[in-house]
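Please treat every number below as a calculation from the coordinates, not as lab data. What you see is a predicted model, and the numbers here were worked out from it, not measured in a lab. Note that we place each Cβ from the backbone using ideal geometry, even for glycine, and neighbour counts take in every protein chain shown.
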Amino acid sequence: MNTSNRQPPAHRAWLQPIRGVAAGRVADLADCNGAGTTTCRWLFPIAGLILLLVCLLNAQAQGAPPDVLYLRDGRTLTGNIIGETPEAYRTLLHTSSSPIMTNVSVKAVRYVVYGTPQKARTALRLPETARVLGARDSAKAKFLPTEAFGEASLEAIAAARKRIWILAFYISGGLDPTIDAFYNTLRDKARSGLDVRIISEFGQGTPMPIRNGTANFTHTLLADGIQVGFIQEYRVMHKKVIIIDERVVFLGSSNLTGAGMKTSDEFNVRIECESTARRAAADFLRMARQAKPFEELK
Amino acid sequence: MHLKSVVIDERYVWTGSANWTQGALDWNYEDLLCLDSPDLARLYARNLRDIFAASPSFQEQALNLSILESGSRENTYSLNLPLTGPRTNYTDFARIPFEGFEAAGKVRYVADEEYQPVLRKLIQGARQSIFIGMYVFSEQKTEAPFAEQVIADLKAAARRGVYVYLLLYTAPSTLDRLAEHHSNRAEQLRRAGIDVRLALPNNILHLKTVVVDLSKVLIGSHNWSEGFLSSKRVYESSALIVLDVQEPKLADFLLSRKIISDMRSRELWEQEITTLRHLNLASGKVRDDLVTELEGRE
């Protein structure tokens with residue numbers, strides 16, 4: 001069970017000064033007993049050159065906003081990363097006295113927060129990643145844990161002008177004021193003439209109490225003019241998507257229930273982007289073609 | 001530096017042969033003097049101050065401490081994982097709310113079977129860190145070897161020095177099959193150097209989020225379950241967002257979810273989970289007594 005002994009010993013030296021590079025130690029290179037020999041005639045100018053380069057590097061690195069290395073043991077190091085290898089961050093560490101050049105093993109680091117966005121983009125290959133993985137639509141995103149999702153989704157449907165389309169694994173009203181307000185606002189919007197549609201799940205795996213609750217709630221929603229359809233097939237409709245006015249999309253883990261807006265630990269995102277909203281709407285319409293009205297359900 | 005001297009209140013001097021080790025204080029032959037002498041105290045203090053002034057700052061010295069090596073004695077699994085230990089607080093299990101936060105980036109709507117290749121490429125391309133919050137990580141049928149593929153990708157990432165934090169839901173009841181599945185995952189993956197953590201059984205951790213390098217986010221309804229593994233059982237929707245800059249709050253959010261504290265061995269984390277489940281069910285005086293008993297434990 002104890003695997004710690006099998007760790008490669010290299011990690012023990014995870015943070016050692018690079019010999020001769022720290023500014024104060026470069027002079028050691030010129031420490032030579034045989035003064036006047038050929039070696040020393042070359043060594044002094046070379047050492048001088050290295051010293052000059054290090055000074056320039058230090059000056060440049062110290063001028064840049066610092067990078068922060070968050071270590072796995074909970075501490076942080078502040079400095080300037082001047083090179084990255086698969087094994088280590090070559091870092092000019094800021095200390096109370098003179099800066100120290102060190103190699104910080106990547107295995108000691110949790111993550112690095114780079115001093116400038118440009119440095120992060122380059123080091124983490126952000127534009128390349130977006131291109132390769134097909135993320136092309138520029139968007140404003142807002143990340144929403146449970147309560148924030150409740151507030152933001154309510155605010156968004158209240159501000160809707162034309163339409164609100166929803167893909168929801170569960171639909172149920174609740175005693176919690178947030179989810180109650182959400183559905184009340186949705187019903188108000190439908191009554192005032194907006195195009196409000198919901199597609200939900202009503203498969204064989206849906207437990208009987210939830211089926212009954214969904215049935216009752218569906219009638220309430222239909223009475224207000226909300227179009228409600230259900231997926232009833234082998235494949236379960238587990239999506240949680242809200243699309244508003246072909247402009248805003250909510251996606252995430254929250255179901256449209258009290259748990260999703262109040263009690264569970266959730267994470268969602270609000271994406272403001274017309275292209276993404278169009279893609280989500282196309283997905284909604286694909287689901288709509290497979291959905292059945294309530295009276296056709298088994 | 002071989003002194004063993006203490007100066008107290010500019011009056012007493014404690015000195016002698018004993019180091020501050022268990023051997024010295026328990027079984028070695030040592031002799032010590034504690035002298036009540038302000039004059040001597042002044043001289044000793046001056047000497048200590050001189051030595052202190054000539055020493056490098058704590059920060060520099062601390063960096064040379066082999067913190068990871070000392071960590072390995074505490075941690076059953078990996079030299080590189082943050083330390084864990086027994087829980088000390090048995091009263092506060094409330095879910096921690098977290099404010100929403102905004103970011104800009106490039107988006108791709110990722111529906112159904114599009115998720116799997118995006119996820120694998122994200123993990124394979126990770127440079128520094130992978131933070132995952134997942135409600136379900138379980139594969140019932142083996143028709144698609146997806147879970148094994150993702151596990152291989154995560155292990156490869158950890159091997160090349162990427163920090164992988166995998167936070168899994170803990171079921172409130174042992175009747176839920178996920179309880180055992182996730183404990184199996186934790187055991188299997190912690191051995192491979194992945195920092196698997198289990199959420200408290202007192203809240204529902206319902207996240208389905210993957211954050212790579214604090215800048216590439218895959219978020220939505222896709223659990224890591226059979227449904228999306230085969231893409232034949234569930235309709236899901238997620239979004240890939242490649243941010244323009246890093247967002248450390250993504251790590252802050254995932255790292256601030258409350259977790260089982262003692263991950264040193266399966267026996268220890270299952271013990272803690274059992275205790276927390278008992279607390280979950282208890283109330284009033286029974287609960288108070290249980291808490292007192294737990295907190296008073298050695």
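Quick check on the stretch B:138-268: take the gyration tensor over C-alpha atoms, sort the square-rooted eigenvalues as a ≥ b ≥ c, and tell me if it's rounded (a/c under 1.5), prolate or oblate.
Note, shape of the stretch B:138-268 comes out rounded.
For the stretch A:135-219, give the magnitude of the charge dipole about the Cα centre (Cβ charges: +1 Lys/Arg, -1 Asp/Glu; no others), in debye to the nearest 20.
On the way: 11 positive and 9 negative charges, 90 e Å.
I would put it at about 440 debye.
In the stretch A:117-223, which trypsin sites (Lys or Arg not before Pro) fall in coil by DSSP and have 14 or fewer other Cβ atoms within 10 Å?
Of the trypsin sites (Lys or Arg not before Pro), the ones in loops of the stretch A:117-223 whose Cβ has at most 14 other Cβ atoms within 10 Å are A:Arg136, A:Arg161, A:Lys162.
Can you pull the Rg over Rh of the stretch A:128-187, Cα-only, Kirkwood?
Here Rg/Rh amounts to 1.09.
Quote the Stokes-Einstein diffusion coefficient, in whole µm² s⁻¹, for chain B, based on the Kirkwood radius over alpha carbon pairs, a temperature of 10 °C and a viscosity of 1.306 mPa s. Intermediate results must be reported in sequence, preceding the final value.
On the way: Rh = 22.9 Å.
Here the translational diffusion coefficient equals 69 µm²/s.
When you take every Cα atom in the stretch A:190-298, what is the radius of gyration, and what is Dmax, the widest Cα pair distance, in Å?
Gyration radius and largest Cα-Cα distance of the stretch A:190-298: 14.3, 39 Å.
Nearest 5 percent is fine: what portion of the DSSP beta bridges confined to chain B is antiparallel?
Approximately 70 percent, going by the DSSP bridge assignments.
Can you give me the Cα centroid spacing of the stretch A:159-182 and the stretch A:230-298 in angstrom?
Between the Cα centres of the stretch A:159-182 and the stretch A:230-298 lies a distance of 11 Å.
Below 8 Å between Cα atoms, with a sequence gap of 6+, how large is the relative contact order for chain B in percent?
20
Report, in deg cm²/dmol and to the nearest 500, the calculated mean residue ellipticity at 222 nm for chain B, where each DSSP H run with n ≥ 4 adds -39500 (n - 2.57) and the sum is divided by the residue count.
Per the formula, -11500 deg cm²/dmol.
Going by a ≥ b ≥ c, the root eigenvalues of the Cα gyration tensor, does the stretch B:207-270 fall in the rounded group (a/c under 1.5), the prolate group (a/b larger than b/c) or the oblate group?
Details: a/c = 3.07, a/b = 1.15, b/c = 2.67.
It comes out oblate by the Cα gyration axes.
Hey, can you grab everything whose amide H is under 5 Å from the amide H of B:Gln128? Only 5+ residues off in sequence or another chain; H modelled, so Pro and N-termini drop out.
B:Asp213
Over the stretch B:88-212, how many percent of alpha carbon pairs lie in each 5 Å bin up to the one with the longest distance?
Reading upward from the zero bin: 2, 9, 17, 22, 20, 16, 10, 4, 1.
Largest first and in whole Å, give the semi-axes of the stretch A:81-198's equivalent ellipsoid, each being the square root of 5 times a Cα gyration tensor eigenvalue.
Each semi-axis is √(5λ); the values are 49, 18, 13 Å.
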